[in-house]
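Have a look at the structure below before the remarks.
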């Protein structure tokens with residue numbers, strides 16, 4: 001008899017696959033805001049052209065939320081799924097805050113990211129409810145959408161907030 005709440009070998013393997021997908025998100029969303037010495041530059045210290053320092057700070061906060069989402073350790077088992085859910089909620093909140101501050105600027109990119117994040121949230125919920133290869137495939141597909149949307153958004157934002165991307 002399986003202990004309730006334990007992660008089976010098969011489910012652990014699927015969580016590892018998700019971790020690999022999240023690692024891909026890390027690579028795609030890798031921060032280019034580090035200085036030559038390897039430290040992070042301050043988003044508020046940038047002199048944005050056409051964007052407020054608050055907007056650039058929100059872009060940097062969004063980047064940090066996405067980075068945190070990509071740092072989930074699949075070896076944590078069920079805890080990894082809970083961490084992904086919490087980090088995903090944080091990313092969605094940061095995306096909404098950024099889009100509000102942007103006042104319609106980059107609207108196609110922020111809408112695409114919001115849509116991709118909703119798809120990822122749905123895929124993660126399906127995986128949590130029923131660990132299967134189809135559910136893992138759904139998460140990997142959704143991660144790809146988030147990666148693409150994130151890249152498109154930060155490419156656009158980078159022209160106005162070079163240190164926030």
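The values are calculated or read from the model by the stated rules, or taken from the named source; none is laboratory data. Note that the coordinates shown come from a computational prediction; the quantities given were computed from them, not determined experimentally. Cβ: placed from backbone, ideal geometry, glycine included. Neighbour counts: every protein chain shown.
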Practice task
Would you check if there is a residue in the range 53-63 being part of a helix (DSSP H, G or I), over 20 Å from the mean Cα position of the chain (by Cα), within 13 Å of residue 160 (Cβ to Cβ) and at pLDDT 85 or above?
Solution key: yes
Problem - Pairs where the first residue, in the range 71-84, is at pLDDT 70 or above and the second is outside any loop (DSSP other than H, G, I, E, B), C-beta under 6 Å, 6+ apart - result: 72/22; 72/80; 72/83; 72/84; 80/15; 80/74; 81/128; 84/124
